[in-house]
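The block underneath contains the structure these notes are about, expressed in structure tokens.
The values are calculated or read from the model by the stated rules, or taken from the named source; none is laboratory data. Keep in mind it's a predicted model, so treat the numbers as computed, not measured. Reconstructed Cβ throughout: ideal geometry from the backbone, glycine too, with neighbour counts over all protein chains shown. Side chains included, ligands, DNA and RNA excluded: accessible areas come from the protein's heavy atoms. Shrake-Rupley method; radii C 1.70, N 1.55, O 1.52, S 1.80 Å.
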Amino acid sequence: MKKTLLLAGVACVLCSTNALAGWNDMTKATKVYIGADYALDSYDFKGSLDDAKKTYHSGIINMGARMDRIGVEVFGQWSAKRTKDMAEGEKLKTKVNAYGMDIYGYQPLGCEGKYDLMASLGVADYYFKGEYADTSHSANRIGYRIGAGAMYNFNEHVSARIMGRYAYIGASSLNHVAEMTAGLRYNF
């Protein structure tokens, strides 16, 4: 019995040492980054917001972590307010903001590690608001996102990225969003 307990204790120590070494290797390989993007969004408004402008310029701030070929990123996105002239001098004002999280897959290209192809899946909370005359309509809705893009790594700290995304929202006033983004990342 004592020999069994001794062997079990030795096995636990060896396994935990190997697991700790694996964890240390993984944390050393993790790159944490911050980034900023410009986005050109095309919104498919309908219902009470059907007459709103369809394209919006927005800024995105994000931060994430990459472990070799997989990563996770959180973001906040803020659009400029758009105004459209309507009948009798009234204006329809609209604005869209979002925040959420994406999971990325990376495929390095070439031997130097300068280029990466990327794909993403994510979820975001979209907030949209429209004001016309004395009425306003606003809503929050969860949207599901899919994207693809490429990244160029200037060095180990700075990289540039372009992405195309489609997000399905399915709200009564906003069906989906198509967007193109371009931005820079700083890796710590």
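When the residues of the stretch 72-83 are narrowed to those that are open to solvent by 30 Å² or more (accessible area, probe 1.4 Å) and part of a strand (DSSP E or B), which ends up farthest from Ala139 (Cα to Cα)?
So the residue we want is Val72.
Do the conditions hold for Asn175, that is, is it closer than 16 Å to Ile60 by Cα and of a type in the set (S, T, N, Q)?
The answer is no for Asn175.
Quick check on the stretch 119-134. Is at least one of its residues among the acidic types (Asp, Glu), in contact (Cβ under 8 Å) with a residue 12 or more places away in the chain and open to solvent by 80 Å² or more (accessible area, probe 1.4 Å)?
For the stretch 119-134, residues among the acidic types (Asp, Glu), in contact (Cβ under 8 Å) with a residue 12 or more places away in the chain and open to solvent by 80 Å² or more (accessible area, probe 1.4 Å): absent.
Please enumerate the residues belonging to the stretch 27-52 that are over 16 Å from the mean Cα position of the chain (by Cα) and open to solvent by 70 Å² or more (accessible area, probe 1.4 Å).
Of everything in the stretch 27-52, those that are over 16 Å from the mean Cα position of the chain (by Cα) and open to solvent by 70 Å² or more (accessible area, probe 1.4 Å) turn out to be Lys28, Lys31, Lys46, Ser48, Asp50, Asp51.
Taking the condition of a type in the set (S, T, N, Q), touching a Gly at 6+ places or on another chain (Cβ under 9 Å) and either open to solvent by 80 Å² or more (accessible area, probe 1.4 Å) or at pLDDT 90 or above (or both), does Ser138 pass?
no
Can you tell me how many residues in the stretch 84-118 are open to solvent by 80 Å² or more (accessible area, probe 1.4 Å) and of a type in the set (Ser, Thr, Tyr)?
2
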